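Data block below; observations after.
Coordinate-derived values only; no laboratory data. The model shown is predicted, which means the values in this text are computed figures rather than measured ones. Cβ coordinates were reconstructed from backbone atoms using ideal geometry, including for glycine residues, and neighbour counts include every protein chain displayed.
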Amino acid sequence: MLAFAVLSLFVTVFVVDLAAAIAGLNPEDGFVVLGATILAGTAILAGGVGFAKPETDA
C-alpha cells in the first residue's frame, strides 16, 4: 500500500502540473506538490473506506 501511495502521488503531481500548464498557470512547485498530496490522500482514504465492515453482534 505504501508503494501504491507513493506511485499515485508521483502520477498526481504530473497531472496537477500538466493541468496548471494547460490552464496557463505557473504555480510554484510547493503548491503543485500540496495540491497533488491532497488529491492523492483523499483518493486513498476514500478507496480504503469501502473495505471497512461494521462489526455486528450475532
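Values for this structure:
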| item | result |
| --- | --- |
| Yes/no for Gly48 being surrounded by 12 or more Cβ atoms within 10 Å (Cβ to Cβ), assigned to a helix (DSSP H, G or I) and among the small types (Gly, Ala, Ser) | no |
| Enumeration of residues in segment 11-58 that are of a type in the set (Gly, Ala, Ser) and under 21 Å from Met1 (Cα atoms) | Gly35, Ala36, Ala40, Gly41, Ala43, Ala46, Gly47, Gly48, Gly50, Ala52 |
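The rows are residues; the columns are (1) touching a helix residue (DSSP H, G or I) at 6+ places or on another chain (Cβ under 8 Å); (2) β-branched (Val, Ile, Thr).
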position	(1), (2)
Leu7	no, no
Phe10	no, no
Leu25	no, no
Gly35	yes, no
Ile38	no, yes
Val49	no, yes
Thr56	no, yes
